[in-house]
Amino acid sequence: MRKTILEFLKYADGPVSGQAMGARLGVSRTTVWKHVGALRNMGYPVVSESGGYRLEDSRDVMCAWEFPGREDRIRYFPETRSTMDEARDLARTGAPHGTVVVAGRQTAGRGRLDRQWISDEGGLYFTLILRPALPLAEVSRILFAASVAMSDVIREVAGAPARVKWPNDILVDDAKVVGMLSEVHAVGETVEYLNLGIGVNVNNDTEGVEPRAASLGELAGRRFSRKDVLGWFLDRFEPLLETRSQAGIMAAWRERAGTLGRAVRVRTVRETLEGIARDVDEDGALVLELPDGTVRRISYGDCFHR
Ligand code: BTN
């Protein structure tokens, strides 16, 4: 019934009264009012005015109905602390492979290495729950595949020269547009779930954000639908998930890389190193050449272009 009410509102020319909708559905005005309240809780901007209810611009609402063919896998929260927290709870209680937890805004968004991820309205914040049939040592392929898919979305839809930065950031002209964070739960070598959180600056204001950031809206001079950005990403990422070739994914990542050959500073949990980023190996580790010519392989850390 809620969906039908939404359809009435979407296709109406002006406000629709609760009484009129109730008469069409064979229910009371109070029942309509309850369903309208539920739609509002789901994030639909339904306003009440003299002629009845009117739906304002809902292009940015990301609830499951808005993703035909993927409805059963989308979990939308207009606001939450962090999609990583929601996804962890869902994964522990058996959410299936491919579940997407998406939020309109986050009040405690998390970045890598214990940083905060500012998550105001206008950005896209989601976590994918994945149950890959891969040993722990090989799951990094999925993160690199996600960087490849998202950088292609940015190039194609915003026309911006997106480059990937090791390990999984996406930059345009050295300004960060996308960040990724992963959490893996494994028993021995067997991966139970991999939660991959992705934050995309879509229409949010990035002024003052450090390190330097940019949003798709700022880059292209127009607004984007977050729902569309998520859909386009899933269209590209899901087929890559089936790719068995780690070498193929790493080759695609290298083609889009902005890090290789550059002087970088790399922060790991234990130390900070400076050198030249020479390559990424087949496991996704950064191959860093230090000033004395020795080579280090770094599996986890953050990299800053110098
Ligand atoms: C980084 O670059 O430091 C990683 C940022 C990851 C942010 C995303 S937004 C969706 C998901 N929920 C979070 O709290 N963090 C990730």
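Values quoted throughout were computed directly from the atomic coordinates according to the rules given, and no laboratory measurement underlies them. From a predicted model like this one, the values you see are computed outputs, not experimental measurements. Heads up, the Cβs are rebuilt from the backbone with ideal geometry, glycines too, and the neighbour counts pull from every protein chain shown.
Quick rundown of the values:
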{"quantity": "Gyration tensor verdict on the range 185-254 (Cα atoms; rounded if a/c is under 1.5, prolate if a/b is larger than b/c, oblate otherwise)", "calculated": "prolate"}
{"quantity": "Cα convex hull of the range 1-109, projected area averaged across orientations, nm²", "calculated": "8.0"}
{"quantity": "For A257, residues with placed amide H under 5 Å, excluding near neighbours", "calculated": "V164"}
{"quantity": "Modelled label reach - V184, point 7 Å along Cα→Cβ, the range 260-283 residues with backbone N closer than 12 Å", "calculated": "283"}
{"quantity": "Length released on extending from A251 to W33, taking residue separation times 0.36 nm less the Cα-Cα span", "calculated": "73.0 nm"}
{"quantity": "Residue-wise HN-Hα coupling along the range 51-68, computed from phi with Karplus coefficients 6.51, -1.76, 1.60 (Hz; x: Gly, Pro)", "calculated": "x, x, 9, 9, 8, 7, 4, 10, 5, 9, 6, 10, 6, 3, 4, 7, 10, x"}
{"quantity": "Helical mean residue ellipticity (222 nm; -39500 (n - 2.57) per DSSP H run of 4+; nearest 500) of the chain", "calculated": "-9000 deg cm²/dmol"}
{"quantity": "Leading residue at positive end of dipole, the range 224-285 (Cβ point charges), from A251, F233, T272", "calculated": "T272"}
{"quantity": "Unit charges on C-beta of K, R, D, E only; dipole of the chain, Debye", "calculated": "540"}
{"quantity": "Rounded, prolate or oblate (a/c below 1.5 giving rounded, otherwise prolate when a/b exceeds b/c) for the range 132-263 by Cα gyration tensor", "calculated": "prolate"}
{"quantity": "Net charge of neighbours whose Cβ lies under 13 Å from the Cβ of S17, counting Lys and Arg as +1 and Asp and Glu as -1", "calculated": "+2"}
{"quantity": "FRET efficiency estimate (nearest 0.05) - Cβ-Cβ, D114 to R265, R0 25 angstrom", "calculated": "0.90"}
{"quantity": "For the chain: lysine pairs under 30 Å (alpha-carbon distance), excluding those fewer than 8 apart on one chain", "calculated": "8"}
{"quantity": "Relative exposure of D57, D174, D279, judged by other C-beta atoms within 10 Å (fewest first)", "calculated": "D57, D174, D279"}
{"quantity": "For the range 162-179, Karplus couplings with θ = phi - 60° (6.51, -1.76, 1.60), whole Hz, Gly/Pro x", "calculated": "6, 10, 8, 10, 4, x, 9, 7, 10, 10, 10, 6, 6, 9, 7, 10, 9, x"}
{"quantity": "Extension gain, E192 back to R24 (0.36 nm per residue minus Cα-Cα distance, nm)", "calculated": "55.7 nm"}
{"quantity": "Assigned charges on the beta-carbon of Lys, Arg, Asp, Glu; the range 208-299 dipole about Cα centre (debye)", "calculated": "360"}
{"quantity": "Kirkwood Rh in Å, taken over the chain so that all alpha-carbon pairs contribute", "calculated": "20.9"}
{"quantity": "Dipole magnitude of the range 186-230 about its Cα centre (Cβ charges: Lys, Arg +1; Asp, Glu -1), debye to nearest 20", "calculated": "300"}
{"quantity": "Positive-end extreme of charge dipole, the chain - chosen from L196, G159, A23 (charges on Cβ)", "calculated": "A23"}
{"quantity": "Whole-Hz couplings from phi, Karplus 6.51/-1.76/1.60, listed for the range 259-266; x for Gly and Pro", "calculated": "8, 5, x, 9, 6, 9, 10, 10"}
{"quantity": "A213 long-range amide H proximity, modeled H, under 5 Å", "calculated": "K176"}
